[in-house]
Amino acid sequence: MEQQVIWQQLIQLVKHEVLPAVGCTEPISLALAAAIAMQYSSNKIIEKIDAYVSPNLMKNGMGVTVPGTGMVGLPIAAAIGAIGGDADAGLEVLKNITANQIIRAKKLLTDNKVSVKIANNNKAIYTQANIYTSTDHIKVCIENSHTNVSLIEKNGEVIFKADKLNLNESKHDAIIENISVRLIYDFATQANFKDIAFILHSAKLNDALSQEGLKRTYGLSIAATLHGQIKTGLLSDDLLSKVIIRTTAASDARMGGARLPAMSNSGSGNQGITATMPVVVVADYLQATPEQLARALILSHTIAIYIHSKFPPLSALCAASTAAMGAAAGMALLLGNGHYEPIDMTICNMIGDLSGIICDGASNSCAMKVSTSVSSGFKAVLMALSQVRVTGKEGIVCDSVETSINNLGAIVSQSMKITDTQIIDIMSHKT
């Protein structure tokens with residue numbers, strides 16, 4: 001009975017952390033705050049928008065294309081969120097914006113009516129949108145997660161104030177503290193198929209985004225470039241290339257402004273793509289059944305959530321690398337005939353290989369980091385299948401996979417804070 005309770009808690013955790021998102025979730029968080037603010041204004045003619053975001057949110061919003069707008073950055077996110085955002089759509093707030101609304105949003109920018117500055121706080125995720133009309137001033141704050149509204153004020157009057165921030169997150173944190181890689185493996189391989197079949201939607205959404213990334217030019221077109229090199233003979237049309245290209249194509253499209261939703265993981269579309277597509281590609285290669293795919297995907301997404309829980313939601317570590325550890329676990333499950341040992345070894349191999357890849361803000365080049373991460377994951381799986389593992393005497397890797405994960409988490413949470421500060425300083429001084 002206790003096991004069934006834990007598995008149901010894990011299902012609720014995954015459903016909470018694996019959600020559809022249109023566009024990079026940092027600018028989308030600001031768009032959502034602006035959209036919610038406009039719900040409370042009786043006057044829809046905007047005089048100005050003043051927004052404040054946390055340093056990490058600024059870092060991840062400076063260089064990424066906002067879906068449908070063809071423009072980069074947080075100001076256009078605030079403007080289009082206020083004018084055309086669906087306040088009830090969460091991370092899909094921009095899914096229904098129109099061409100006319102985009103024109104109006106861009107005019108707010110050309111008229112210098114939108115400003116976005118760094119907030120004076122130390123929160124990893126914080127967004128404050130202030131919308132001014134001739135009659136109203138509405139302030140909306142989102143903090144601690146991309147959709148967690150903490151405050152709504154209208155003309156100085158508090159309309160809503162969260163009594164306790166992230167009540168759901170606190171509940172899920174308690175679940176995470178009591179699980180392990182082995183327990184997640186047991187859950188993924190033994191839970192009732194119908195209880196975890198929902199995760200197949202991640203394959204549908206992210207594969208559609210991948211196909212979009214190969215059909216059209218987005219961002220740096222990394223996947224299309226690699227795909228073209230297969231014809232020249234510089235790359236082989238093998239399983240590794242397919243994993244890299246199909247995964248990277250989805251990231252190209254997402255970071256390049258495609259309006260299709262990604263299935264996110266831990267508040268990030270790129271993490272969701274990375275946790276999903278390598279598993280989908282390997283499942284296609286093996287002609288796996290829907291149940292086999294679902295079990296590998298639920299393992300991947302849950303492992304990704306678990307590892308990501310060991311450090312702040314936004315940090316100096318590129319979280320595509322830890323999402324790829326989840327994907328590697330899923331690939332190992334499929335290629336390793338369902339055994340646990342290759343999964344354990346694969347994660348340790350990746351920690352030994354990919355521990356230091358930095359996050360220097362969301363941008364088109366994120367797709368390069370995604371390609372690097374999934375390549376490392378595939379290599380780690382092949383090593384594990386041959387019983388090769390980074391030993392517990394090397395670097396931050398230990399004999400225990402749990403200790404290895406905790407070591408990585410400690411470095412990100414403590415030592416890499418200085419790295420993050422330096423990255424933000426470099427980016428904020430760019431002209």
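The values are calculated or read from the model by the stated rules, or taken from the named source; none is laboratory data. What you are looking at is a predicted structure, and each value in this text was computed from that prediction instead of being measured. Virtual Cβ from ideal backbone geometry, glycine too; neighbours counted across all protein chains shown. Surface accessibility is based on the protein's heavy atoms, side chains included, excluding ligands, DNA and RNA. Shrake-Rupley method; radii C 1.70, N 1.55, O 1.52, S 1.80 Å.
Given only helices, namely DSSP H runs of n ≥ 4 each adding -39500 (n - 2.57), what is the per-residue ellipticity at 222 nm of the chain, to the nearest 500 deg cm²/dmol?
The per-residue figure over the chain is -17500 deg cm²/dmol.
Give me the percent of accessible area attributable to carbon and sulfur for region 44-124, probe 1.4 angstrom.
49
With unit charges on the beta carbons (Lys and Arg positive, Asp and Glu negative) and the dipole taken about the Cα centre of the chain, which residue among 415, 112, 331 sits farthest to the positive side?
In the chain, that residue is 112.
Accessible area per residue of the chain at 1.4 Å probe, in Å²?
Accessible surface, normalised per residue, equals 41 Å².
Quick one: which residues, 5 or more positions from residue 95 or on another chain, have an amide H under 5 Å from its amide H? H modelled 1.01 Å from N in the peptide plane, none for Pro or chain starts.
Under 5 Å from the amide H of residue 95 lie the amide H atoms of 86, each far enough along the sequence or on another chain.
For region 322-411, what does the alpha-carbon gyration tensor say about shape, rounded, prolate or oblate, given a ≥ b ≥ c as the root eigenvalues, a/c under 1.5 as rounded, and a/b over b/c as prolate?
Verdict is oblate for region 322-411.
At 1.4 Å probe size, with the rest of the protein present, what percent of the exposed accessible area of region 201-320 is carbon and sulfur atoms?
Of the solvent-accessible surface of region 201-320, carbon and sulfur hold 54 percent.
Using modelled amide H (1.01 Å from N, peptide plane; none on Pro or chain starts), what sits under 5 Å from the amide H of residue 71, excluding residues fewer than 5 places away?
For residue 71, whose amide H was placed from the backbone, the distant partners under 5 Å are 66.
What is the spin-label model distance, in nm, from residue 115 to residue 4 if the labels are put 7 Å beyond Cα along the C-beta direction?
The answer from the label model is 5.9 nm.
Please tell me which of these pairs span more than 31 angstrom C-alpha to C-alpha: 123/242; 117/161; 194/215; 194/417; 215/379?
From the list (123/242; 117/161; 194/215; 194/417; 215/379), the Cα-Cα distance tops 31 Å for 123/242; 194/215; 194/417.
Given H placed 1.01 Å from N in the peptide plane, which residues other than close sequence neighbours of residue 116 have an amide H under 5 Å from its amide H?
For residue 116, the qualifying residues are 51.
What FRET efficiency comes out for the pair residue 134/residue 400, r = Cβ-Cβ distance, R0 = 56 Å, nearest 0.05?
For R0 = 56 Å, the calculated efficiency reads 0.35.
To the nearest 10 square angstrom, how much accessible area does residue 135 have with a 1.4 angstrom probe?
80
When a/c reaches 1.5 or more, the comparison of a/b and b/c decides; with that in mind, is region 241-350 rounded, prolate or oblate per its Cα gyration tensor?
Judged from the Cα gyration tensor, region 241-350 comes out oblate (a/c at least 1.5, b/c at or above a/b).
Run the dipole for region 1-121 about the Cα centre, Lys and Arg Cβ at +1, Asp and Glu Cβ at -1, nothing else charged, and hand back the magnitude in debye, nearest 20.
480
Do you know the relative contact order of the chain, to the nearest whole percent, from alpha carbon pairs under 8 angstrom that are 6+ apart?
17
Could you rank 198, 378 by how accessible they are, 1.4 Å probe, largest area first?
Heavy-atom accessible area, descending, gives 198, 378.
Could you please put 185, 306 in sequence from largest to smallest accessible area, using a 1.4 Å probe?
Ranked list, largest accessible area first: 185, 306.
Assuming R0 = 30 Å, can you tell me the calculated FRET efficiency for the pair residue 15 and residue 144, based on Cβ-Cβ distance, to the nearest 0.05?
0.95
About the Cα centre of region 86-221, how large is the charge dipole given +1 on each Lys and Arg Cβ and -1 on each Asp and Glu Cβ? Please answer in debye to the nearest 20.
540
Hey, what do the phi angles of region 231-248 turn into as Karplus ³J(HN,Hα) couplings, whole Hz, using 6.51/-1.76/1.60 and θ = phi - 60°, x for Gly and Pro?
5, 7, x, 6, 10, 8, 8, 9, 5, 4, 4, 5, 4, 5, 5, 5, 6, 5
Which length gain, in nm to one decimal place, applies between residue 159 and residue 410 when the Cα-Cα distance is subtracted from 0.36 nm times their residue separation?
Residue separation times 0.36 nm, minus the Cα-Cα distance, leaves 86.4 nm.
If 420, 86 are ordered by their accessible area, calculated over protein heavy atoms with a 1.4 Å probe, which sequence runs from highest to lowest?
Descending accessible area places them as 86, 420.
Quick check for me: using +1 on Lys/Arg Cβ and -1 on Asp/Glu Cβ, what's the dipole size of the chain about its Cα centre, in debye to the nearest 20?
With Lys and Arg at +1 and Asp and Glu at -1, about 1080 debye.
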